[in-house]
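Data block below; observations after.
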Amino acid sequence: MGLPMTRFSSFFSSFAVLLGLVITNAAILCSGGITSSFVRLDEKAKDMPFEADVFRLPPGYNAPQQVHITQGDHEGKAVIVSWVTVAERGSNTVLYWSENSSQKYKAKGKVTKYKFYNYTSGYIHHSTIKHLKYNTKYYYKIGIGHTTRTFWFVTPPEVGPDVPYTFGLIGDLGQSFDSNSTLTHYESNPTKGQTVLFVGDLSYADNYPNHDNVRWDTWGRFIERSVAYQPWIWTAGNHEIDFAPEIGETKPFKPFTHRYPVPYKASNSTAPFWYSIKRGPAYIIVLASYSAYGKYTPQYKWLEEEFQKVNRSETPWLIVLMHSPWYNSYNYHYMEGESMRVMYEPWFVKNKVDLVFAGHVHAYERSERISNVAYNVVNGLCSPVSDSSAPVYITIGDGGNLEGLATNMTEPQPKYSAFREASFGHAILDIKNRTHARYGWHRNQDGYAVEADSMWFYNRVWHPLDDSTSGKS
Ligand SMILES: [Fe+2]
């Protein structure tokens with residue numbers, strides 16, 4: 001936290017709140033939902049320079065850098081700790097202890113390295129801490145032998161239907177000045193997110209000549225201030241593919257898979273691009289927009305079995321993450337998610353998925369509960385229809401990367417689109433119990449507490465009432 005609030009800044013933040021309210025109320029009602037009238041300059045975001053303070057190297061010889069954690073098992077009792085050392089390999093041991101105990105434990109890890117064209121990575125360490133207690137604060141120390149650094153995290157509550165839990169939602173973050181603003185707004189949100197669901201496109205290193213992987217390193221240092229203290233759940237986006245045959249790089253996802261491990265084996269997946277976890281009251285399925293998903297493919301077979309494993313009495317909230325959205329009314333990446341939608345949407349409706357979060361389109365959009373599963377080639381029934389068993393689809397690819405905002409929208413706004421706005425921001429999903437979850441989208445221009453779009457989601461199994469906001473505001 002920063003300085004004590006002065007009278008001026010207090011006035012300013014009140015003004016920002018008021019401005020947010022005025023803007024929200026000034027939204028234009030179209031034939032569909034709301035297209036926000038909030039307008040900003042349509043220009044590319046600028047990446048922060050190498051010398052930016054957020055990219056600073058930690059002090060000390062061979063100090064661990066780019067520290068990050070993610071869930072390490074299916075239930076939330078394990079954590080994967082990852083970090084990079086550059087000068088030498090150093091220790092791959094994590095020393096950890098719970099807040100209320102002097103007993104210290106060690107977890108040994110693995111070290112990997114990779115080359116990408118003319119770049120050679122540092123030593124990338126991954127160590128899984130297992131058998132943790134739920135709902136407990138743990139400290140962990142890495143860099144043993146030379147410069148040590150200590151961090152902490154809090155494990156989630158035991159998996160169960162009525163444990164509250166709060167997720168942050170960030171997508172397409174990159175490392176621009178706007179990305180930094182998004183991360184600051186997420187960290188400063190008074191509704192504290194406990195875990196980030198990240199919907200793909202991490203560093204945008206591939207926008208640089210030869211996919212300059214130094215930008216993977218700077219990104220790791222940039223996000224450390226959040227991801228070293230709370231897990232981010234990873235989804236692979238197109239900027240993770242790093243397929244560059246023109247420079248001899250033909251193995252897709254090489255930097256991503258070396259740097260950001262996920263617990264895919266714990267959910268019987270055979271590849272780190274699609275997997276599931278349980279966390280508190282939520283069952284989270286991560287899908288791969290850029291791996292084969294047609295019938296008979298490994299992902300298809302896995303997902304078919306996966307839905308049968310979800311027990312809504314244990315985890316009432318069924319959430320799916322993917323990179324490329326199925327429902328998107330911007331003139332960017334239009335219909336790119338369509339073939340996956342055709343394959344999987346009937347399963348989503350049948351299994352009453354509550355929420356689907358995607359990125360890819362650099363803007364924000366929230367759909368009504370709709371489905372489009374009646375079409376059989378000859379019947380002409382190919383329009384989305386209102387469907388109380390269907391998920392709400394949210395595009396949250398507005399993290400702020402250097403490519404800038406997607407400002408061009410299809411007109412008129414489709415009926416299924418409840419709210420859309422081309423602004424950078426993040427969202428918070430605050431699950432209260434098995435029936436209710438508070439949701440808010442926060443644009444970066446507002447004060448930290450302002451929700452530019454918000455609603456209560458009702459669980460599709462335990463409280464399947466109409467939760468649409470259209471016509472209610
Ligand atoms: Fe993308």
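Residue count for segment 197-233 satisfying the condition of being more than 14 Å from the ligand (Cβ to nearest atom) and outside any helix (DSSP H, G or I): 10. Just one of the numbered conditions (1) in contact with a helix residue (DSSP H, G or I) (Cβ under 8 Å, 6 or more places away or on another chain); (2) of a type in the set (A, V, I, L, M, F, W, C); (3) within 16 Å of the ligand (Cβ to nearest atom) is not true of Met340: (1).
In the set (1) at positive phi; (2) in contact with a strand residue (DSSP E or B) (Cβ under 8 Å, 6 or more places away or on another chain); (3) surrounded by fewer than 24 Cβ atoms within 10 Å (Cβ to Cβ), Ser226 fails one condition alone, (1). Residue pairs whose Cβ atoms lie under 7 Å apart, separated by 6 or more positions or on different chains, with the first residue in segment 150-162 and modelled with pLDDT under 95 and the second surrounded by fewer than 18 Cβ atoms within 10 Å (Cβ to Cβ), do not occur.
When Trp302, Trp326, Trp317 are screened for being in contact with a Lys or Arg (Cβ under 9 Å, 6 or more places away or on another chain) and open to solvent by 10 Å² or more (accessible area, probe 1.4 Å), only Trp326 passes. With respect to Arg341, is the statement that it is open to solvent by less than 60 Å² (accessible area, probe 1.4 Å), modelled with pLDDT of 95 or more and either over 29 Å from Ser470 (Cβ atoms) or in contact with a strand residue (DSSP E or B) (Cβ under 9 Å, 6 or more places away or on another chain) (or both) true? It is false that Arg341 is open to solvent by less than 60 Å² (accessible area, probe 1.4 Å), modelled with pLDDT of 95 or more and either over 29 Å from Ser470 (Cβ atoms) or in contact with a strand residue (DSSP E or B) (Cβ under 9 Å, 6 or more places away or on another chain) (or both).
Considering the conditions (1) touching a Ser or Thr at 6+ places or on another chain (Cβ under 8 Å); (2) open to solvent by less than 10 Å² (accessible area, probe 1.4 Å), Lys192 is excluded by exactly one of them, (2).
Exactly one residue out of Arg366, Arg341 is under 23 Å from the mean Cα position of the chain (by Cα), under 18 Å from Met409 (Cβ atoms) and outside any loop (DSSP other than H, G, I, E, B): that is Arg366.
In the set (1) within 21 Å of the chain's Cα centre (by Cα); (2) in a loop (DSSP other than H, G, I, E, B); (3) under 20 Å from Leu318 (Cα atoms), His360 fails one condition alone, (3). Would you point out which residue out of Ser121, Ser127 is at pLDDT 95 or above and touching a strand residue (DSSP E or B) at 6+ places or on another chain (Cβ under 6 Å)? After ruling out the rest, the residue left standing is Ser127.
Only strands (runs of 3 or more DSSP E) whose full extent lies in segment 386-445 are considered here, and none of them has at least 3 residues that are touching a Pro at 6+ places or on another chain (Cβ under 7 Å). Can you pull out every residue in segment 176-196 that is more than 16 Å from the ligand (Cβ to nearest atom) and polar (S, T, N, Q)? Within segment 176-196, Asn180, Ser181, Thr184, Ser188, Asn189, Thr191, Gln194, Thr195 meet the criteria.
Taking Tyr448, is it surrounded by 19 or more Cβ atoms within 10 Å (Cβ to Cβ) and of a type in the set (Phe, Trp, Tyr)? Spelling it out, it is not the case that Tyr448 is surrounded by 19 or more Cβ atoms within 10 Å (Cβ to Cβ) and of a type in the set (Phe, Trp, Tyr).
Residues of segment 238-258 that are away from the ligand (no atom under 16 Å from the Cβ), outside any loop (DSSP other than H, G, I, E, B) and open to solvent by 10 Å² or more (accessible area, probe 1.4 Å): Pro245, Glu246, Ile247, Glu249, Lys254, Thr257, His258. Would you confirm whether any residue within segment 366-389 is surrounded by 15 or more Cβ atoms within 10 Å (Cβ to Cβ) and either on the phi > 0 side of the Ramachandran plot or within 16 Å of the ligand (Cβ to nearest atom) (or both)? No, that holds for no residue. What number of residues in segment 86-96 are surrounded by fewer than 15 Cβ atoms within 10 Å (Cβ to Cβ) and not in a loop (DSSP other than H, G, I, E, B)? Total satisfying the criteria: 0.
For Arg460, indicate whether it is open to solvent by less than 20 Å² (accessible area, probe 1.4 Å), more than 21 Å from Gly171 (Cβ to Cβ) and not in a strand (DSSP E or B). Judged against the criteria, Arg460 is a match.
The residues in segment 127-144 that are among the small types (Gly, Ala, Ser) and in contact (Cβ under 8 Å) with a residue 60 or more places away in the chain can be counted, and the count is 1.
The values are calculated or read from the model by the stated rules, or taken from the named source; none is laboratory data. Predicted model only: the values in this text are computed from it and were never measured. We place every Cβ from the backbone using ideal geometry, glycine too, and count neighbours over all the protein chains shown. To get the accessible areas, we keep the full protein, side chains included, count just its heavy atoms, and leave off ligands, DNA and RNA. Shrake-Rupley method; radii C 1.70, N 1.55, O 1.52, S 1.80 Å.
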